[in-house]
Amino acid sequence: MEAIKTNISIVTVPFPAQGHLNQLLHLALNLSFHGLAVHYAAFAPHIQQAKLRLQGWPDSALDNLHFHNLPIPSFSCPPPDPNSTISFPVHLQPLFDASELVLPHIASLLHSLSATSRRIVVIFDRFVSFAAREASTLPNAESYCFQCVPISQDLVFLGHDGPTADLLQSHGLTIPSLDGCITEDFFAMMIGHYKMSGLEYSGILMNTCRFMEGEFIDLLAQQPDFIGKRHFAIGPLNPTTPVRANGQRHLSLEWLDDQPSRDWDRRNEILLAGEIEEAIKKVMVYDSGDEIKQRTKKLGEDVMQAAADGGSSNIELLGFIAHVTRP
C-alpha cells in the first residue's frame, strides 16, 4: 500500500443526517480501497447508523477505516411532528445547530494526527465548514469541501441562479422550487456555512459525474469563490449495482421500480388511481414508453461507465489521490 507509506491521513467529517453520512462513508471506503489511511469522525449513534445502512460493500471493508466517536453535546430534542406542513425533519434542527459544538474535539483529532502525519487532508461536508477553518491553522493540513447535492442546485444556493437558470432552460429544465422542502432556519444555517467556508479550503469533491453535470461543473469553476480551487467530479460514489448478500438486487430497488413517476411540483398531492394507471401505461404500454426505457437504460449505462475503471469519475478520483499524496 504505497499511499499509506507516504504517511498521509485523510479525515472525513460528515454532517449528521443520513444522506450526508452515507455519501461520505462511501467516499471514505473508496479512498481506503486505494490504500489511504482514512478517519471518519461523527457521533457514535450516527456512525452505527451509517454502518448498518451501508449497501454494496463487504462488512470487512469497514475494518479498514478509523472511526472516531465524537461526544454528543447537550441539545433540546423535540419529538417529530406528524402533522407538519413541510416535508423536513424540523425536530432535528437542534442537533444540526449543536453539531458545531464538537469543534474542540475535531481540533484535538487534527492536532494529534498533524504531529504524526506528513500531511492531513480534511474532507468536510459543506455544512460542517468549521472543520476547514480548524484545518487552516495547521501547517501540514489542507481541506476539501464535499458536495452532496447536484451542482446545478449548489449554484442556486450560492446565489448564481441567473446563469444556472439560463443553462437549465437551454436543456428544457427549470430551477426546482424549495418550497416545502427545507425550513427558513435550515436555509439560514446552510447559507452561513456556504459563506464561512469561502476561502478556507483547497478544492471541492463532487458526488456527480461530468456526463451528467459537466456544463454546471464548468460554470461553478468560473465563479469567483471557486477560481483557483481544484475540482473533482468523482461520483457516483455508491456502488451502481447494489445487491443483497445472496446476489439479488436490493428490495428497495425492486420497490422503486414499481413506483410511478411524480412531478416534483406536485410532491404534496395524493395521486389519483387514474393518474397512476396513465403513468404506468406511458412507460409499459404506449410506444413512447420504449423511448423512455431506452433513454433510461442508456443514462444508467453512461453513469456506470463514469465510475468504472477508466471512466471520467474514476480518473478524477485517482487524480485527487495523486494530488493529496504528492511529495
#### Entry: Accessible surface, 1.4 Å probe, highest first, among residues Lys229, Lys298
Lys298, Lys229
### Task
Report, in deg cm²/dmol and to the nearest 500, the calculated mean residue ellipticity at 222 nm for the chain, where each DSSP H run with n ≥ 4 adds -39500 (n - 2.57) and the sum is divided by the residue count.
-13500 deg cm²/dmol
### Within the chain, percent of DSSP bridges classed antiparallel, to nearest 5
5 percent
## Note on the structure
Connecting every pair of Cα atoms under 10 Å apart in the chain and solving the GNM, the largest mean-square fluctuation among Ala17, Ala42, Ala135 falls on Ala17
### Query
Can you list the residues, at least 5 places off or on another chain, whose amide H is less than 5 Å from the amide H of Phe146, using H built in the peptide plane?
Phe124, Asp125, Arg126, Leu205
## Note on the structure
Rounded to the nearest 10, the angle in degrees between the Cα long axis of helix 287-307 and the longest principal axis of the Cα atoms of the chain comes to 10 degrees
### Message
How high is the relative contact order of the chain? Use alpha-carbon pairs under 8 Å, at least six apart in sequence, and give a whole percent.
### Response
16 percent
#### Entry: Amide H within-cut-off set for Ile175, under 5 Å, with H built and near neighbours excluded
none
### Message
Restricting to Cα atoms and excluding each atom paired with itself, what does the Kirkwood estimate give for the chain in Å?
### Response
21.6 Å
### Query
Cα-based Rg (one decimal) and Dmax (whole number) for the range 37-176, in Å?
18.7, 53
### Task
Can you tell me the dipole magnitude for the chain around its Cα centre, using point charges on the Cβ only (Lys, Arg +1; Asp, Glu -1), in Debye to the nearest 20?
1140 debye
### Summary
Per GNM of the chain with C-alpha springs under 10 angstrom, the most fluctuating residue out of Asn69, Asn238, Asn22 is Asn69
### Message
Which residue, Val303, Ile227, Thr116, has the largest displacement toward the positive end of the dipole of the chain when charges sit on each Cβ (Lys, Arg +1; Asp, Glu -1)?
### Response
Thr116
### Query
Dipole of the chain (Lys/Arg Cβ +1, Asp/Glu Cβ -1, origin at the Cα centre): which of His91, Tyr40, Ile191 lies farthest to the positive side?
Tyr40
#### Entry: Long-range amide H partners of Ala42 with built H, under 5 Å
His68, Leu70
### Summary
With Cα coordinates, the longest principal axis of the chain makes an angle with the long axis of helix 273-284, in degrees rounded to 10, of 80 degrees
### Task
Note down the relative contact order for the range 21-122 as a percent, whole number, built from C-alpha pairs under 8 angstrom at least six residues apart.
23 percent
### Query
Got a sec to turn the phi values of the range 81-87 into Karplus ³J(HN,Hα) couplings, 6.51 cos²θ - 1.76 cosθ + 1.60 with θ = phi - 60°, whole Hz, x for Gly and Pro?
9, x, 9, 4, 8, 10, 7
### Task
At a Cα cut-off below 17 Å, give the aspartates and glutamates reachable from Lys51, other chains included and same-chain residues fewer than 8 away excluded.
Asp59, Asp63
### Message
Taking every pair of distinct Cα atoms and averaging 1/r, then inverting, what Kirkwood hydrodynamic radius in Å comes out for the range 67-141?
### Response
14.4 Å
### Message
As I understand it, the value is the acute angle between the Cα axis of helix 161-170 and the longest principal axis of the Cα atoms of the chain; what does it come to in degrees, rounded to 10?
### Response
40 degrees
## Note on the structure
the chain, Gaussian network, Cα under 10 Å: of Thr164, Thr137, Thr12, the residue fluctuating most is Thr137
### Query
Share of the range 13-89's accessible area from carbon and sulfur, percent, 1.4 Å?
53 percent
### Query
How much accessible area per residue does the range 7-77 have, in Å², with a 1.4 Å probe?
41 Å²
### Query
DSSP loop chymotrypsin sites (Phe, Trp or Tyr not before Pro) in the range 54-119 with at most 10 other Cβ atoms within 10 Å of their Cβ, which ones?
none
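The values are calculated or read from the model by the stated rules, or taken from the named source; none is laboratory data. From a predicted model like this one, the values you see are computed outputs, not experimental measurements. Counting neighbours? That spans all protein chains shown, and the Cβs are built from the backbone with ideal geometry, glycine included. Side chains are part of the model used for accessible areas, which takes the heavy atoms of the whole protein and leaves out ligands, DNA and RNA. Shrake-Rupley method; radii C 1.70, N 1.55, O 1.52, S 1.80 Å.
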